[in-house]
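Below is one structure, written out as structure tokens; the observations come after it.
The values are calculated or read from the model by the stated rules, or taken from the named source; none is laboratory data. Keep in mind that what you see is a predicted model, and the values were worked out from it rather than measured. Don't worry about glycine lacking a Cβ; one is built from the backbone with ideal geometry, like all the others, and counts go over all protein chains shown.
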Amino acid sequence: MAATTEPILRVEGLYARISGQQVVEDVSFEVPRTGVTALLGRNGVGKSSTIKAILGIIDRTGTVEFDGAPIQGLRTEKIVQRGIAYVPEDREVFATLTVAENLLLAQRQATPNRELVDELFPELRARAQQAAGTLSGGQQQMVSLARALLNDNRLLLVDEPTKGLSPRLVGEVAQVLKTAAETTPMLLVEQNLTVVRELAQDVVVLSGGRVVHRGPAREFLDDERLVHRHLGVAGAEPDAAAGAPHTQAPQPMTEPAATETEERP
Ligand SMILES: Nc1ncnc2c1ncn2[C@@H]1O[C@H](COP(=O)(O)OP(=O)(O)O)[C@@H](O)[C@H]1O
Ligand SMILES: [Mg+2]
């Protein structure tokens, strides 16, 4: 039994290739048992690949320890059975299935956290019979998060949940993540530094598939030169709550995706 001060996830010397290209190179970091660890870096540096390598979705070498036990030899389905939930980039909902069907398919346990999901995502209940592909991007993100939170998880891997969302929805998603993180440790890929500041205690910064910085989130975000060097943008303002009024809009690290301003009916 691992001591409680041990990290829930330890990644050591992780390497992964996609189509012959090295996309994760000697990556090492830890995710503590509580709170949010943000995985940062410009577009294309290997954040999503790192998460996929942890899950064994792409081939990798190196050590991945979950709760003190090596999991790098396990297949993806065995890894997720240990209680690691994955909320992929771009939501990946089943477009032609209803919201209810999407949730039903995600359910791993006999008694899912239905009340929690209804409370966190009141809109999904009203849209239970709507095809998920007809939902707005924000609503699809809610479905994607709800699929994960229906189950009891021991670790959440969440990849760019606020991408392309309107400021109001960014705030809503951030609130959901904050609630989830109260009970479950999270590795969060997030481009919106205001959200990172609001949620994360630690950051791991990648560049070219390698870790270029690790440490407390505040220390990193407050260091404008570091933020600029590794992310190419100014840091988020201190203490600006996600979704709260701020004089400077949350700055994406790269060109923003088309922002959604209105939800579809
Ligand atoms: N399916 C794929 N086929 C080929 N190259 C890919 C694929 N997925 C990612 N890559 C490449 O791997 C690198 C890392 O990508 P990714 O992990 O998605 O970065 P990030 O999530 O940080 O934006 C990039 O150079 C990207 O072009
Ligand atoms: Mg990505």
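Please find, within segment 145-159, the residue that is nearest to ligand 1 (Cβ to nearest atom) out of those that are among the charged types (D, E, K, R) and surrounded by fewer than 22 Cβ atoms within 10 Å (Cβ to Cβ). Filtering segment 145-159 for residues that are among the charged types (D, E, K, R) and surrounded by fewer than 22 Cβ atoms within 10 Å (Cβ to Cβ), the one nearest to ligand 1 (Cβ to nearest atom) comes out as R154. In segment 50-65 there is at least one residue matching the filter, namely being more than 8 Å from ligand 1 (Cβ to nearest atom), part of a loop (DSSP other than H, G, I, E, B) and acidic (D, E).
Picking from R75, R127, R108, which residue would you name as being free of Cβ contacts under 8 Å to residues at least 60 places away in the same chain, of a type in the set (K, R) and in the same structural domain as V45 (by TED's automatic domain parsing)? When all the criteria are applied, what remains is R75.
Taking the stated definitions as given, is E77 under 26 Å from R218 (Cα atoms), away from ligand 1 (no atom under 16 Å from the Cβ) and among the charged types (D, E, K, R)?
Values: under 26 Å from R218 (Cα atoms): no; away from ligand 1 (no atom under 16 Å from the Cβ): yes; among the charged types (D, E, K, R): yes.
Taking the combined requirement at face value, the residue does not satisfy it.
If I filter segment 32-61 down to residues being more than 14 Å from ligand 2 (Cβ to nearest atom) and touching a Ser or Thr at 6+ places or on another chain (Cβ under 8 Å), which single residue comes out as farthest from A217 (Cα to Cα)? Reasoning before the result, please.
Start the filter on segment 32-61 by keeping residues that are more than 14 Å from ligand 2 (Cβ to nearest atom), which leaves 32-37, 56, 59-61.
Filter once more, keeping what is touching a Ser or Thr at 6+ places or on another chain (Cβ under 8 Å): 33, 56.
Working: R33: 16, G56: 27 Å.
Across segment 32-61, the extreme among qualifying residues is G56.
Within segment 89-106, is there a residue that is in a strand (DSSP E or B), within 16 Å of ligand 2 (Cβ to nearest atom) and out of contact with any Ser or Thr (no Cβ under 6 Å at 6 or more places or on another chain)? Talk me through it step by step, then tell me what you get.
Taking segment 89-106 as the starting set, the residues that turn out to be in a strand (DSSP E or B) are 98.
Narrowing the set further to residues that are within 16 Å of ligand 2 (Cβ to nearest atom) leaves none.
For segment 89-106, residues in a strand (DSSP E or B), within 16 Å of ligand 2 (Cβ to nearest atom) and out of contact with any Ser or Thr (no Cβ under 6 Å at 6 or more places or on another chain): absent.
Take the conditions touching a residue at least 24 places away in the same chain (Cβ under 8 Å), out of contact with any Gly (no Cβ under 7 Å at 6 or more places or on another chain), loosely packed, with under 15 Cβ neighbours inside 10 Å and closer than 21 Å to M186 by Cβ and apply them to R82. Does it pass? Taking the combined requirement at face value, the residue satisfies it.
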